[in-house]
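Structure record follows, encoded as structure tokens.
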Amino acid sequence: MLTGFDEAASDLASTAFANIRWPSAGGTVIAAVSGGSDSTALLVLLSDWLRAHSPDTRLVAITIDHGLRAQSASEAMQVAALCERLGIAHETLSWVGDKPERGLMAAARAARFLLLDEAARRLGATIVLTGHTADDQAETVLMRAARGEGPGLAGIAPATLYKRRTWFVRLLINIRRIALRQYLLAGGIAWIEDPTNANLAFERSRARAMSPRADGLPHIQARLRDSQFMAEQLSDPAVFEEITADGAVLHLSGNGSGDSITATALHHVLSLVGRRAHLPGRDASASIAAFLSASSERSALTVHGCTLRRRGDVLTVGREARNDGSGTYGADHLLTSFDHAVAAALDARIGRQGLPALPFAAEKTDFDRFAQIDHFAALRAAALGKAESQTYLPIQDLTALHLSAGGMKI
């Protein structure tokens, strides 16, 4: 009964893992494994796939013990036991020191990035794989929509570059959690349920309780198109006559002062010049839009650590006098694969080198095709004995469907 299911799972792994630029022979990749269903499925699928397709690649599983719950140490030991059973090297790294009372989840996320990046450097790895799923994607889109984050509606990027050296890659970002859990159930593999996920004191837990639709594909495709257009504008001297690390000259004529893409490209320039960790927020963006509007009578604006001056259709950008430029430009710390083309265009304009290439094997990146495969439908079809192995559709809201195989249902 499970033969078709196993074939569909194999297709799932091949589709996800074949799109990565794996290290050269003998290289190392890291899988971040908490012991939950998503990361456990990633570990098992990845282990099987590497043995079959890239046996010289060394896989190291790393568990981060945040020290936030009494059970965390024993849970890390459970992951270690699974890895020993699968023949996978495993390490547990601990987040030590004081924990903040506010912003705990954000601090924990920052700690994970730091610890996993340090491990990657020590092990000679440039790729860390994480188990984010389409459900995480839907929750993130819901959370960011509630905050009014425009570009953030594309959700979680398939990959994020940390400090311009380590790629954090989310190979399961278009796969439903229910499919991964069925895969583990079929293989008799247990996972750990983190009670934090049900704690409504945390924003993500509240979003999860709302069962958001996993249909972020249109947002992702729009974000990719916008980013490519922004990169083209940033590279075009007819639009951005000059861009340096300290300032820029922008020509608004012919582009429309209200052009949202030009404005967003300008936001990236402001973050570069102002040495800001993030793009301008909602209020700053509104101020910039009002300043650029044809009806504005203002000739100067100070915003986001920069001073903007406008004469007709020529806009000059410089660092604000009281800004000493000591801040961290956000893309140098965390750069999403969505914005890789934008960062590459800015690097070219300011004469900077060293930006790592995207970690995807295909030139058409960010899973442009992969994002359209509904693997839950593929696994469900196989489990029910149907012939379809892949369904090329935007991910649907399949929460109400029950995947059955061998009498098991979830």
Of everything in the stretch 50-75, what is more than 22 Å from the chain's Cα centre (by Cα) and over 22 Å from G27 (Cα atoms)? Give them in sequence order.
G67, L68, R69, A70, Q71, S72, A73, S74, E75
Does the stretch 61-78 contain any residue that is closer than 19 Å to L172 by Cα, assigned to a strand (DSSP E or B) and out of contact with any Cys (no Cβ under 8 Å at 6 or more places or on another chain)?
yes
Please tell me if A125 is surrounded by fewer than 20 Cβ atoms within 10 Å (Cβ to Cβ) and aliphatic (A, V, I, L, M).
no
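Would you pick out the residues in the stretch 8-60 that are among the β-branched types (V, I, T) and part of a helix (DSSP H, G or I)?
Taking the stretch 8-60 and keeping what is among the β-branched types (V, I, T), we get 15, 20, 28-30, 33, 40, 44, 57, 60.
Across the stretch 8-60, the qualifying residues are T15, T40, V44.
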Only residues that are at positive phi and modelled with pLDDT of 90 or more: list them for the stretch 145-198, please.
K163, R164
Just checking, does the stretch 22-32 include any residue being in contact with a helix residue (DSSP H, G or I) (Cβ under 9 Å, 6 or more places away or on another chain), farther than 20 Å from L358 by Cα and at pLDDT below 90?
no
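Mind checking whether some residue in the stretch 255-270 is farther than 19 Å from A341 by Cα, in a helix (DSSP H, G or I), charged (D, E, K, R) and modelled with pLDDT under 90? Don't jump to the end; show me each part of the working.
Filtering the stretch 255-270 down to residues farther than 19 Å from A341 by Cα leaves 255-259.
Narrowing the set further to residues that are in a helix (DSSP H, G or I) leaves none.
Looking through the stretch 255-270, none of the residues is farther than 19 Å from A341 by Cα, in a helix (DSSP H, G or I), charged (D, E, K, R) and modelled with pLDDT under 90.
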Tell me whether the stretch 298-306 contains one or more residues that are at pLDDT below 90, of a type in the set (S, T, Y), outside any helix (DSSP H, G or I) and farther than 28 Å from R352 by Cα.
no
For residues that are under 21 Å from E232 (Cα atoms) and surrounded by fewer than 16 Cβ atoms within 10 Å (Cβ to Cβ), tally how many sit in the stretch 305-331.
2
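The values are calculated or read from the model by the stated rules, or taken from the named source; none is laboratory data. Please read these numbers as outputs of a predicted model, since none were measured by experiment. So basically every Cβ, Gly included, is an ideal-geometry build from the backbone, and we count neighbours across all protein chains shown.
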